[in-house]
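Below is one structure, written out as structure tokens, with a few remarks after it.
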Amino acid sequence: MSGVGIVHFGPGAFHRAHQADYVDRLLAGDPRWGIAAVSLRSPGTIEALRRQKGRYTLAILDSEPCLRTLAAHRAFHGPGDAAGVRARLADPAVRIVSSTVTEKGYCLAADGTLDMGHGDVVRDLADPEHPISLVGWLALGLADRRAAGLPAFTPLCCDNMVANGRKLRAAVIAFAGRIDPELAAWIGGEAVFPDTMVDSITPATDSRLLALVRERGLDDSIPVSREAYSEWVVEDVLPPGSPDLAAAGATLAADVGAWEKAKLRLLNGAHSSLAYLGLLLGHETVAEAMADSDLAGFVERLVREDVIPSLTPSPLDLQAYAGEILERFRNPAIGHRLSQIAWDGTQKLPYRLLDTVADALAAGRGVARLAVPVAAWMLFVERQARAGAEIVDPLAPRLAEIGREANAAEGLLALGEVFPPSLAGPGAFRSAVLAAAARMRANGPRTLLANH
Ligand code: CS2
């Protein structure tokens, strides 16, 4: 098992374009930190990675595309290889177990704690030696390390959630506590769960990228692409014996919170706003939506006048950061589909927009403009539901049902998983969302954007 020091759950495009690039650089100087890729549900990427011996193309999409070959993955565990995963997690050489399983992969309830009623959690608690959830796997892996007298590995959450490490820590400890309180206490005392902020715009691999790779004569079925900008901020709590992520280009920081919150609210909040409003206006990509001056102007005002006040004071230069983000969205080389960003709205809205709304209300600021993208999500759900089109979301069946109702916006506001009672109940936000939804339903979004 030599040469593997990191196990990664969820080797999708983001991981392969972002974290794997840092690790690829690290490996040039320190060969201990190869990645074992784990995908327990879908076999495709794992099979391709194995076939290509862990090598694939990373295209950096800038004025001229720049193609590199990455080779950070050394081992591959697909569905059906639970024994291989278990052995891997118990390997003393493994120090980091990272994950990009998207927000829904952590099985969290609306309050950010482990959802004990989630089907995967219920199943894993009933049979903890054969987990299917990430949280179940981390608990089993840590239990095996404890039994073997090994130090804990470091779970490293690389998904877009506020306090992602702290949430994962609380979830794993809560899960372990149901099986064995001593294990929970051991995990609490021995394992660190750093918070992280990850950032690089990574569109899904499309036919354009596949053609570019073919043109260069490369035989590669799993290329990935991203913008040139890339950032990885990791809370500076990694125990001795961990890989030197700073040497790989990551930023180690005592407090990741300010970065994480600013990135989620400014970049991801603006992304989701562009996605729902842009789709309603008939746009397909982020760059196209940014070329629509009504929409781009609205999003810029939203970011500068509504989101930044919710982040102030901050150690970051927020106005400059916002400008940089909007410029990145304009990159014409990236065909980043709005529909990709629109996925999983029920998981994304809380961190990206609703936390900002709650802070604005608490500070006595208006929320009329912030209500517009939320109403656009509602109309998007309504449109998909009524057309019988696909809704990609863990709550998809309920969204489809509510979306077909006459008063869909009210039905969606009543989703306790998304809107806390303080936002769903009577008050400024509820009124603003319902008004924005009604106006957009009647006249389309354009006039509303100009008025805001
Ligand atoms: C996007 C993000 O798909 C989405 O929801 O907002 O993946 C975004 O591109 C990244 O977080 C950028 O770092």
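The values are calculated or read from the model by the stated rules, or taken from the named source; none is laboratory data. From a predicted model like this one, the values you see are computed outputs, not experimental measurements. Cβ placement follows ideal geometry from the backbone for every residue including glycine, while neighbour counts extend to all protein chains displayed. Each accessible area value is taken on the protein alone, full model and side chains, heavy atoms only, with ligands, DNA and RNA left out. Shrake-Rupley method; radii C 1.70, N 1.55, O 1.52, S 1.80 Å.
If the requirement is being out of contact with any Gly (no Cβ under 7 Å at 6 or more places or on another chain), of a type in the set (A, V, I, L, M, F, W, C), within 16 Å of the ligand (Cβ to nearest atom) and not in a strand (DSSP E or B), which of these qualifies: Ala20, Ala28, Ala48? Write out each step before concluding.
Working: Ala28 fails: within 16 Å of the ligand (Cβ to nearest atom); Ala48 fails: within 16 Å of the ligand (Cβ to nearest atom).
Answer to the check: Ala20.
Here are some residues: Ser273, Ser293. Which one is in the same structural domain as Arg352 (by TED's automatic domain parsing), open to solvent by less than 10 Å² (accessible area, probe 1.4 Å) and at pLDDT 95 or above?
Numbers: Ser293 fails: open to solvent by less than 10 Å² (accessible area, probe 1.4 Å).
After applying the criteria, what remains is Ser273.
Of the residues making up region 156-168, those that are surrounded by fewer than 24 Cβ atoms within 10 Å (Cβ to Cβ) and either without any contact (Cβ under 8 Å) to a residue 60 or more places away in the chain or not in a loop (DSSP other than H, G, I, E, B) (or both) are Gly165, Arg166, Lys167.
Output the number of residues of region 297-356 satisfying the condition of being among the acidic types (Asp, Glu), more than 30 Å from Pro397 (Cβ to Cβ) and outside any helix (DSSP H, G or I).
Pass one, region 297-356, residues among the acidic types (Asp, Glu): 300, 305-306, 317, 324, 327, 344, 355.
Going one step further and asking which of them are more than 30 Å from Pro397 (Cβ to Cβ), we end up with 300, 305-306, 317, 324, 327.
Okay, now just the ones that are also outside any helix (DSSP H, G or I), so 317.
Final tally of qualifying residues: 1.
Every listed requirement among (1) in a loop (DSSP other than H, G, I, E, B); (2) more than 16 Å from the ligand (Cβ to nearest atom) is met by Ala258 save one, (1). Taking (1) open to solvent by 10 Å² or more (accessible area, probe 1.4 Å); (2) at pLDDT 95 or above in turn, Asp255 satisfies each apart from (2). Going through (1) within 24 Å of Ala87 (Cα to Cα); (2) within 16 Å of the ligand (Cβ to nearest atom) one by one, Gly189 falls short only on (2). For region 106-155, a tally of residues being part of a loop (DSSP other than H, G, I, E, B), out of contact with any helix residue (DSSP H, G or I) (no Cβ under 9 Å at 6 or more places or on another chain) and touching a residue at least 60 places away in the same chain (Cβ under 8 Å) returns 1.
Scanning region 402-431 for residues that are part of a loop (DSSP other than H, G, I, E, B) and basic (Lys, Arg) returns a single hit, Arg404. Being within 16 Å of the ligand (Cβ to nearest atom), open to solvent by less than 10 Å² (accessible area, probe 1.4 Å), touching a residue at least 60 places away in the same chain (Cβ under 8 Å) and in the same structural domain as Ser200 (by TED's automatic domain parsing) holds for only one residue in His73, His15, and it is His15. Just checking, how many residues over region 169-212 are part of a loop (DSSP other than H, G, I, E, B) and either open to solvent by 40 Å² or more (accessible area, probe 1.4 Å) or among the charged types (D, E, K, R) (or both)? Within region 169-212, residues that are part of a loop (DSSP other than H, G, I, E, B) and either open to solvent by 40 Å² or more (accessible area, probe 1.4 Å) or among the charged types (D, E, K, R) (or both) number 6.
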